[in-house]
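Working notes, beginning with the structure itself.
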Amino acid sequence: EPEVTQTPSHQVTQMGQEVILRCVPISNHLYFYWYRQILGQKVEFLVSFYNNEISEKSEIFDDQFSVERPDGSNFTLKIRSTKLEDSAMYFCASGETNYNEQFFGPGTRLTVL
Amino acid sequence: KQEVTQIPAALSVPEGENLVLNCSFTDSAIYNLQWFRQDPGKGLTSLLLIQSSQREQTSGRLNASLDKSSGRSTLYIAASQPGDSATYLCAVEGPGYSTLTFGKGTMLLVSP
């Protein structure tokens, strides 16, 4: 069964460093999302991406964040200068269409020291 | 702004019991509602999706209902098993945006 994959599973970085989180969505899906979950808190939406551009973003998704689909399979989230409060589990999701089922990857646990 | 609430926050039951998890949302103009399962430290597994025009969906021992006008959904788990132990998340899509707003989840423990 097709699934969303994410790498790495765990990333440890120093405050101020740049990190890139990678995702491979399900191959025939057109809508891509990033969410995050700070330990003990709700899953929160960050950004959605369709047709090679951002379609929606939350107030969390400030200038430190960017997303890219560099080729036909990968979808990346870049955090330019990490802060302690960026420590969280980051989930990638994809959907065949919008307003339909979203399928989530296993997540990348980001730890900022 | 859409808010999603789930009660109870935690639930502990003996194996074999039927149980109901509750989800409520503040803005009823949703496109759909999705139930997920999350195991500790793991990703989200989609269980059921109910479109706004539907009243319920079933998958195996799971049945989810949606009452859009009152802003409520329930997830019914029949004949619970220890393998059902996990956190169950409810999420709604909309209104006006194609993104999910999540509740905090119900942590379920089914003891043998």
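Tabulated values for the structure
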read-out	value
1.4 Å probe, heavy atoms, protein only - residues of segment A:37-66 losing at least 40 Å² accessible area vs chain alone	A:LYS42, A:VAL43, A:GLU56
Long pairs among B:LYS1/B:LYS42; A:LYS42/B:LYS1; A:LYS57/B:LYS1; A:LYS83/B:LYS42, criterion Cα-Cα beyond 20 Å	B:LYS1/B:LYS42; A:LYS83/B:LYS42
Residue-averaged beta-carbon neighbours from other chains (10 angstrom radius) around A:85-96	1
Förster radius 25 Å - calculated FRET efficiency between A:GLN41 and A:GLN14, Cβ distance, rounded to 0.05	0.60
Share of carbon and sulfur in the accessible heavy-atom surface of the protein assembly as shown [1.4 Å probe, %]	49
Karplus 3J(HN,Hα) series, Hz, for segment A:21-38 with 6.51 cos²θ - 1.76 cosθ + 1.60 (x for Gly, Pro)	9, 10, 9, 10, x, 5, 4, 9, 7, 10, 10, 10, 9, 10, 10, 9, 9, 6
Long-range amide H partners of B:THR99 with built H, under 5 Å	B:GLY94
Under Karplus coefficients 6.51, -1.76 and 1.60, residue-wise ³J(HN,Hα) of segment B:65-75 in Hz, glycine/proline x	10, 9, 10, 5, 5, 9, x, 9, 9, 10, 10
Distance from segment A:1-76 to segment A:81-102 (C-alpha centre basis), Å	5
Built amide H within the under 5 Å cut-off of B:SER85, gap 5+	B:VAL110
Accessible area buried at the A-B interface, both sides summed, 1.4 Å probe (Å², nearest 100)	1800
Cα coordinate range in segment B:47-112, projected on the principal axes (Å, largest first)	44, 22, 18
Rg/Rg_ref, segment B:1-92, where Rg_ref = 2.2 N^0.38 Å and atoms are Cα	1.05
Chain A - charge dipole about Cα centre, Lys and Arg +1 at Cβ, Asp and Glu -1, debye rounded to 20	320
Amide H contacts of A:SER55 (H built 1.01 Å from N, under 5 Å, at least 5 apart or other chain)	A:SER48, A:PHE49, A:TYR50
Accessible area in square angstrom per residue, segment A:13-83, 1.4 angstrom probe	53
Vicinal HN-Hα couplings computed from phi for segment B:40-53 (Karplus, 6.51 cos²θ - 1.76 cosθ + 1.60; Hz; Gly/Pro x)	x, x, 10, x, 9, 9, 5, 9, 8, 10, 10, 6, 4, 7
Check: the protein assembly as shown dipole with +1 on Lys, Arg Cβ and -1 on Asp, Glu Cβ, in debye	240
Relative contact order (%) - segment A:14-113, alpha-carbon pairs under 8 angstrom, separation at least six	36
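The values are calculated or read from the model by the stated rules, or taken from the named source; none is laboratory data. Predicted model, so just to flag it, every value in this text is computed and none were measured. As a convention, Cβ positions derive from the backbone with ideal geometry for all residues, glycine included, and neighbour counts pool all protein chains shown. For the accessible areas, the whole protein counts, side chains as well, though only heavy atoms, and no ligand, DNA or RNA atoms are used. Shrake-Rupley method; radii C 1.70, N 1.55, O 1.52, S 1.80 Å.
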